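Step one of this worksheet: look at the structure below.
The values are calculated or read from the model by the stated rules, or taken from the named source; none is laboratory data. From a predicted model like this one, the values you see are computed outputs, not experimental measurements. For neighbour counting, all protein chains shown are included, and Cβ atoms are generated from backbone atoms with ideal geometry for every residue, glycine included. Side chains are part of the model used for accessible areas, which takes the heavy atoms of the whole protein and leaves out ligands, DNA and RNA. Shrake-Rupley method; radii C 1.70, N 1.55, O 1.52, S 1.80 Å.
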Amino acid sequence: MNGRVVDTLGAKATPGVDDVRVDDRRVKGAPQARYIMLNKPRGFVTTRHDPQRRRTVLDLLVGVRDYIYPVGRLDYDTEGLLLLTSDGDLAARLTHPRHEVPRVYEAIVTGVPDDEVIDILRRGVYLEGRRTQEAGVTRGPTVYAGRTPTTKLVLTLFEGRNRQVREMCAQVGHPVRSLQRVRYGSLTLRGLPLGAWRDLSPAEVEALRASTR
Ligand code: URA
């Protein structure tokens, strides 16, 4: 190891740091998994490959060579926190309904949802014959500009059904104008500009893993 003979049973080496050779041939450890957080802008598809040849989230990860793929999906027009990884095991755990990892969305909706509407959204609405799980919903400020007012809603969902926030809000009569995911499990977008990405720290990966146990 690192040019010296090691004959102690149980001696340790760090993959990617120590140079380990047997009969002068380099021993490679298992490749390290990659964990990336992206602040997705609107106008990108969440997929590795789009048959319609639209821009994909992978186009934003300039310089990333690892085979990573998105954990869950944000719509073409949704912005915000998207996790991408090469760790299939963690990805499967995070998207499994049993683990109920909270996802927080900020939606600008048309109109001014009253208390009753907020309560309906909290308790759940029927999408394709199945009720959505209980959600956290709070109402933010309303902006009176143009012909119709718009209101900010903050929704915490514990599942990730197709176009869920848009469908829920449309069903109660307040279609979504714009949508951003600001939190995924223990991760927040804090400090990451729109369109930018960064690797997660080992502590962030560990916290995510812990939220699926
Ligand atoms: N809900 C939606 O409607 N769209 C998303 O992209 C994510 C959650």
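At a Förster distance of 30 Å, what's the computed FRET efficiency of Asp18 paired with Asp89, Cβ-Cβ distance as r, to 0.05? It comes to 0.75.
Highest GNM mean-square fluctuation among Ser186, Ser201, Ser178, for the chain modelled with Cα contacts below 10 Å: Ser201. Ranking Val57, Gln133, Val22 by Cα position along the charge dipole of the chain, where only Lys, Arg, Asp and Glu carry charges on their C-beta atoms, puts Val57 farthest toward the positive end. Under a Gaussian network description of the chain, with springs only between Cα atoms under 10 Å, the residue in Lys152, Lys40, Lys28 that fluctuates furthest is Lys28. The fraction of accessible area contributed by carbon and sulfur in the chain is 49 percent, rounded to a whole number (1.4 Å probe; ligands and nucleic acids excluded). Extension gain, Thr8 to Leu194, is 61.9 nm, computed as 0.36 nm per intervening residue step minus the present C-alpha separation.
Taking 18 Å as the straight-line reach from the Cα of Lys28, the aspartates and glutamates in range (excluding those fewer than 8 positions away in the same chain) are Asp18, Asp19, Asp66.
With a ≥ b ≥ c the root eigenvalues of the C-alpha gyration tensor of region 119-213, is it rounded (a/c under 1.5), prolate (a/b larger than b/c) or oblate? Oblate, since a/c reaches 1.5 and b/c is not below a/b.
Per residue, region 102-184 exposes 53 Å² of solvent-accessible protein surface, assessed with a 1.4 angstrom probe and all protein chains in place. Taking every C-alpha pair closer than 8 Å and separated by at least 6 residues, the mean separation divided by the residue count of region 102-184 gives a relative contact order of 47 percent. Return the Rg/Rh value of the chain, two decimal places, where both radii are evaluated on C-alpha atoms and Rh is the Kirkwood radius. We get a ratio of 1.11 for the chain.
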